[in-house]
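S.K.: Before we start, here is the structure in question, set down as structure tokens.
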Amino acid sequence: MTELHVHPTAELPSIAAQRICAELDACLADGGTASLCLAGGGTYGPVYRELARQAQLDWSRVEIWFGDERCVPSDDPASNYHMARQTLLDPVAIPAERVHRMHGEDPDRDAAARAYAAALPPRLDLLLLGIGSDGHTASLFPGSAALSAEARVVAVTGPKPPPQRLTITPPVIALARRVIVVAAGEGKAEAVAATLAPTGNLARTPARCARHGCWLVSERIAPR
Ligand code: 6PG
């Protein structure tokens, strides 16, 4: 059964930031570090800005990972790392050694995927994901071979520009200790409904691999 919370769109960034803070506080309570895996896309920019504004935590104990990355230079506006730097990483001054970006710009994308898979922790403490109108999450697109890949990170070519990407795969999502999905944006109601329906098809709706997460959904696209 999916944990579903429906909120007015305008309140989602703040509510999502509060939940992320609470999860990170719990992870850090034992005095250790926490691994936080970031999502990309437009929904998360406002969430990260709220997180940077709200969070009163020791960011030096947070290890930053990425669920996917576009194969563009790291300073390209389309880069998820670039977006995270602008909205969260720079504002909270996370030490550079705590930030582990995917090297999507590497010409050998398969080697970059293998290297990231080797570095990624066995289990992420907190994984953030979004959803696209076609039901993708991270860069796991409908019908993709990545959905049945054994590797934890793979290179893909998808329909959402920029097409070439690196992405975590379903085993990484399944093993994450906590998953938060923030869903907002026109045209996603059908994808959200197909994801949260009791039965469905992973190949058709890859976001179903995150059904076990905490879903924070805009009331405009929530299942009726
Ligand atoms: C990416 C994201 C992707 C995103 C969804 C939603 O790199 O594009 O990781 O999975 O979360 O496509 O994107 P929006 O928030 O822009 O609708």
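Just so it is clear, none of the values below were taken in a lab; they were calculated from the coordinates. In this text, all values refer to a predicted model and were calculated from it rather than measured experimentally.
S.K.: How high is the relative contact order of segment 135-224? Use alpha-carbon pairs under 8 Å, at least six apart in sequence, and give a whole percent.
M.R.: That works out to 33 percent.
S.K.: Same structure again: Per 0.36 nm of contour for each residue apart, how much would the distance between residue 5 and residue 18 grow if the chain were fully extended, relative to their Cα-Cα spacing?
M.R.: Stretched fully, the residue 5-residue 18 segment lengthens by 3.4 nm.
S.K.: Can you tell me the relative contact order of the chain? Whole percent, Cα pairs under 8 Å, sequence separation 6 or more.
M.R.: Relative CO of the chain lands at 26 percent.
S.K.: Counting only DSSP beta bridges with both residues in segment 74-224, tell me the antiparallel percent, nearest 5.
M.R.: So the antiparallel bridges in segment 74-224 amount to around 45 percent.
S.K.: In whole Å, what is the distance between the alpha-carbon centres of segment 1-39 and segment 57-112?
M.R.: Between the Cα centre of segment 1-39 and that of segment 57-112, the gap is 19 Å.
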